[in-house]
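The values are calculated or read from the model by the stated rules, or taken from the named source; none is laboratory data. Here the structure is a predicted model, which means the values were calculated and not measured. Positions of Cβ are generated from backbone atoms using ideal geometry, with glycine treated the same way; all protein chains shown enter the neighbour counts.
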Ligand code: SF4
Ligand code: SF4
Ligand code: SF4
């Protein structure tokens with residue numbers, strides 16, 4: 001086999017396009033190089049140092065996300081040196097903040113014992129809200145690294161909860177910068193940044209104000225990309241664990257873009273919405289309406305029975321009575337004034353499928369094109 005540009009990864013040879021990074025070539029060929037700060041489609045920084053790999057003949061390890069693939073280099077992604085480096089980095093992350101989850105070593109040395117004990121603690125608010133759904137925790141398990149719960153001290157920055165959507169827990173932030181990249185390069189909002197580029201210790205919004213007083217539009221992109229429990233949806237924090245939910249893919253019905261989203265459903269109720277990564281048209285991004293505007297679905301104020309207005313007052317009616325009345329009235333209007341005397345208003349708050357049925361009914365049954373919908377929240 002001959003390739004114009006070829007690179008060896010773990011002893012296998014792969015072709016690459018000029019400009020591709022080692023990480024991109026590896027991922028394209030299903031080789032898992034872990035990372036915490038890498039965010040597809042944004043500028044690679046190599047800041048977390050988790051994606052380090054060993055390149056034959058080079059003295060230092062290289063970050064795969066920011067090192068271009070080169071012809072004839074030979075790369076090892078899980079050599080003992082690489083693993084030792086990742087373990088050290090993970091230990092530093094775990095020691096850097098309030099990482100009091102299953103990766104704490106205060107439970108003992110044995111991993112099975114540790115996991116069994118942690119299961120009992122699941123309801124505890126002491127435990128992290130994203131326990132079981134955290135990239136740092138996954139990697140700590142993968143490389144069998146523990147932190148030290150005893151060493152956790154008071155953290156200098158208070159948790160921020162003064163907005164309806166996002167809880168910012170700085171004590172769990174590992175300063176990976178994914179939220180900054182997502183806000184700046186994907187959503188192009190520029191609402192957040194590191195407090196100082198040289199020695200960052202906090203992600204801040206506009207002169208270190210609360211998100212609600214900044215340029216933040218609450219699109220929630222930063223939550224979706226945060227690999228740890230530093231950014232969490234306010235409504236579900238400690239109320240919903242990831243394994244209690246099932247994901248249902250659907251299309252957002254708020255506007256005509258057609259964003260692909262997952263509804264996270266617990267006990268038949270939507271508890272969270274996330275964007276579907278890697279598919280058109282939104283590639284995982286959503287706006288504030290798509291991500292947070294779903295509470296109306298389970299609102300107590302929703303009508304559950306048809307209402308018929310008589311003498312200026314509504315009374316409850318059966319579906320049969322209501323549909324018969326509407327059919328009768330629509331037929332009368334149509335025969336007297338023609339189909340274009342009728343207009344149908346649907347809603348952005350119903351599903352695409354329901355809007356589709358409304359459009360079919362309007363055009364195919366009523367024979368008019370007078371159909372529109374209101375997209376306000
Ligand atoms: S953020 Fe991750 S590593 Fe830290 S406590 Fe939470 S689950 Fe554990
Ligand atoms: S919610 Fe959106 S705009 Fe606000 S900080 Fe996060 S990514 Fe930026
Ligand atoms: S808030 Fe999350 S995404 Fe942002 S820097 Fe901290 S850990 Fe990374």
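Here are the numbers:
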item	result
Residue ranges of strands (runs of 3 or more DSSP E) in the range 261-371 with at least 3 members surrounded by 14 or more Cβ atoms within 10 Å (Cβ to Cβ)	269-275, 344-347
Complete set of residues in the range 221-240 that are in contact with a strand residue (DSSP E or B) (Cβ under 6 Å, 6 or more places away or on another chain) and either part of a loop (DSSP other than H, G, I, E, B) or surrounded by fewer than 16 Cβ atoms within 10 Å (Cβ to Cβ) (or both)	234, 236, 237, 240
Qualifying positions in the range 116-144 - at pLDDT 60 or above, within 13 Å of ligand 1 (Cβ to nearest atom) and not in a loop (DSSP other than H, G, I, E, B)	135, 136, 137, 138, 139, 140, 141, 142
Any chance residue 240 is within 16 Å of the chain's Cα centre (by Cα), outside the structural domain of residue 34 (by TED's automatic domain parsing) and more than 14 Å from ligand 1 (Cβ to nearest atom)	yes
Options 56, 62, 95; residue that is modelled with pLDDT under 95 and not assigned by TED's automatic domain parsing to the domain that holds residue 222	95
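Yes or no, residue by residue, for (1) in contact with a strand residue (DSSP E or B) (Cβ under 8 Å, 6 or more places away or on another chain); (2) in contact (Cβ under 8 Å) with a residue 24 or more places away in the chain; (3) in a loop (DSSP other than H, G, I, E, B):
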residue	(1), (2), (3)
19	yes, yes, yes
30	no, no, yes
33	yes, yes, yes
38	no, yes, yes
53	yes, yes, no
58	no, no, yes
70	yes, yes, yes
84	no, no, no
